1. Would it be correct to say that Phe64 is among the aromatic types (Phe, Trp, Tyr), over 30 Å from Asn528 (Cβ atoms) and free of Cβ contacts under 8 Å to residues at least 60 places away in the same chain?
2. Show me the helices (runs of 4 or more DSSP H) entirely contained within the range 54-144 in which 3 or more residues are buried (at least 19 other Cβ atoms within 10 Å of the Cβ), at negative phi and not β-branched (Val, Ile, Thr).
3. In the range 540-559, what residues are open to solvent by less than 50 Å² (accessible area, probe 1.4 Å) and within 30 Å of Gln501 (Cα to Cα)?
4. I'm checking my understanding of the structure. Among residues of the range 42-53 that are open to solvent by 70 Å² or more (accessible area, probe 1.4 Å) and under 20 Å from Val256 (Cα atoms), which one is modelled with the lowest pLDDT?
5. Would you say Glu518 is farther than 30 Å from Arg322 by Cα, modelled with pLDDT of 50 or more and either of a type in the set (Phe, Trp, Tyr) or open to solvent by 90 Å² or more (accessible area, probe 1.4 Å) (or both)?
6. Among the residues that make up the range 18-36, is at least one of them out of contact with any helix residue (DSSP H, G or I) (no Cβ under 9 Å at 6 or more places or on another chain) and among the acidic types (Asp, Glu)?
7. Tell me the residue from Ala378, Ala367, Ala363 that is of a type in the set (A, V, I, L, M) and either in contact with a strand residue (DSSP E or B) (Cβ under 6 Å, 6 or more places away or on another chain) or surrounded by 14 or more Cβ atoms within 10 Å (Cβ to Cβ) (or both), please.
8. Could you go through the range 384-399 and let me know if any residue there is in a helix (DSSP H, G or I), within 23 Å of Leu437 (Cβ to Cβ) and more than 60 Å from the chain's Cα centre (by Cα).
Amino acid sequence: WQVKWKGKDLFDLVCRTLGLRETWFFGLQYTIKDTVAWLKMDKKVLDHDVPTEEPKTFHFLAKFYPENAEEELVQEITQHLFFLQVKKQILDEKIFCPPEASVLLASYAVQAKYGDYDPNVHKRGFLAQEELLPKRVINLYQMTPEMWEERITAWYAEHRGRARDEAEMEYLKIAQDLEMYGVNYFAIRNKKGTELLLGVDALGLHIYDPDNRLTPKISFPWNEIRNISYSDKEFTIKPLDKKIDVFKFNSSKLRVNKLILQLCIGNHDLFMRRRKADSLEVQQMKAQAREEKARKQMERQCLAREKQMREEAERTRDELERRLMQLKEEATMANEALMRSEETADLLAEKAQITEEEAKLLAQKAAEAEQEMQRIKATAIRTEEEKRLMEQKVLEAEMLALKMAEESERRAKEADQLKQDLQEARESERRAKQKLLEITSKSSYTQSMNSSTTALPTDLPSFNLINESLSFDFKDTDMKRLSMEIEKEKVEYMEKSKHLQEQLNELKTEIEALKLKERETALDILHNENSSRGNSKHNTIKKLTLQSTKSRVAFFEEL
């Protein structure tokens with residue numbers, strides 16, 4: 001950068017580098033003597049009262065905050081910068097955030113960083129190194145890091161399908177309802193010397209008790225203020241109603257009054273600008289943002305379809321592989337059965353042959369016994385004793401012949417039975433061969449199908465953001481459809497908000513038993529009191545502004 005550069009030159013360089021067009025929200029901040037200051041656009045950088053040490057440090061930060069982030073922040077880079085700044089302010093406890101809301105915001109921060117939850121990738125302990133919750137919240141409960149991670153992950157899993165910019169916007173939509181969001185606080189004194197806090201934000205000026213930065217005592221919206229000025233340390237505010245006296249307060253330093261005036265002028269200008277028709281530049285940016293949103297939505301739908309097709313193809317391939325393995329197992333079993341059948345048939349044939357030979361041998365022995373009996377009968381026995389012995393031998397020979405005949409008959413029947421078993425075994429072998437032939441034919445068909453299906457994922461159309469040119473013609477019908485989708489999203493958001501509040505209450509009840517009451521800060525106690533009364537940021541300011549301006553000025557003077 002050049003030595004002669006003005007603040008605007010340096011600021012524009014940063015904005016061009018970031019590709020930022022919504023420049024009116026931002027500024028370059030520096031610190032001088034423990035006081036925050038902002039670089040003036042029309043003044044040379046080196047003419048500012050900046051610290052003399054080198055290098056000179058300026059912080060590019062949001063100087064003014066939107067009333068409604070979703071409606072006002074158009075560019076994705078603008079949303080991202082606000083997300084980073086608000087997230088840091090919550091973690092640094094510059095913005096008070098209740099524990100249950102801290103867990104929800106952490107889940108959106110995780111979605112923005114990691115994308116959709118995948119239990120196979122995002123395993124226990126994957127958030128161990130992440131700073132996601134304010135230390136005040138962690139110290140307030142008897143809960144381990146694993147317990148906090150479990151609760152954050154439970155909500156993180158519900159954000160499936162949200163892109164980074166959508167998750168960051170959801171974060172901002174919740175954060176903007178926190179009482180200290182977008183408020184710059186300054187120590188002041190009224191005419192009576194009472195120490196108070198002045199809060200400057202997108203809605204107006206608010207007066208706080210120094211011990212309670214959550215709930216203002218008095219509020220003055222920007223549309224009720226006519227003029228703001230200061231002289232030395234005295235600050236003067238003139239109401240729109242000229243009949244009402246001005247009210248004054250004193251700050252600690254002249255430099256602080258300069259800062260207050262800058263913030264008041266900038267916030268007032270944006271307040272009035274929001275209530276007018278958008279400039280041509282903003283209209284163009286919003287139109288481009290709508291087209292970009294529609295294009296990204298179409299991209300996501302295309303990617304989702306491609307992913308679904310790939311998953312279906314993989315499931316089909318896995319099913320075919322499983323079926324192939326099943327058929328292979330069946331073929332193996334059939335082969336084993338066939339081998340067993342063949343072995344059984346061989347054994348039965350061998351046994352039948354042996355039995356047949358035994359039957360022939362027994363028949364031969366029976367014939368020989370018969371011949372021996374006939375020979376014995378023919379022999380003449382002279383003595384009675386020989387006759388008796390002969391009769392006894394004859395009887396034994398007859399008994400043996402009878403036994404031989406029975407055994408021969410039994411062996412013959414056994415041989416017939418073995419022949420029948422052999423025939424059945426061969427029939428079983430024939431059937432097993434037939435079944436194996438059928439399984440083999442099925443297996444070859446499945447393999448051919450599997451090879452063609454397995455190649456399916458690689459043949460699917462790939463969505464290449466680099467090589468393929470994307471062009472979208474947004475016709476009237478497309479914009480009408482987009483408008484209808486936006487209306488539908490609004491209805492869904494209302495339903496989700498109700499569900500979200502129920503979830504927040506459930507979490508609050510669930511972890512209440514683990515709270516260490518003695519560690520509650522003053523802001524914790526004040527927030528719980530406001531919640532029990534049903535007070536929120538917006539309805540508190542609304543109630544205060546219903547009072548007349550005159551009564552509010554008088555009340556400020558009497559504090």
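1. no
2. Numbers: elements: 69-72, 76-91, 99-114, 135-140.
Correct list: 76-91, 99-114.
3. Thr540, Ile541, Leu544, Thr545
4. Asp49
5. yes
6. First, the residues of the range 18-36 that are out of contact with any helix residue (DSSP H, G or I) (no Cβ under 9 Å at 6 or more places or on another chain): 29-31, 34.
Cutting the leftovers down to among the acidic types (Asp, Glu) gives us 34.
Yes, there is a match, as at least one residue in the range 18-36 is out of contact with any helix residue (DSSP H, G or I) (no Cβ under 9 Å at 6 or more places or on another chain) and among the acidic types (Asp, Glu).
7. Ala363
8. no
The values are calculated or read from the model by the stated rules, or taken from the named source; none is laboratory data. The shown structure was predicted, so the numbers you read here are calculated from the model rather than taken from an experiment. A quick note on method: Cβ atoms are made from the backbone with ideal geometry, for glycine too, and the neighbour counts reach across all protein chains shown. Surface accessibility is based on the protein's heavy atoms, side chains included, excluding ligands, DNA and RNA. Shrake-Rupley method; radii C 1.70, N 1.55, O 1.52, S 1.80 Å.
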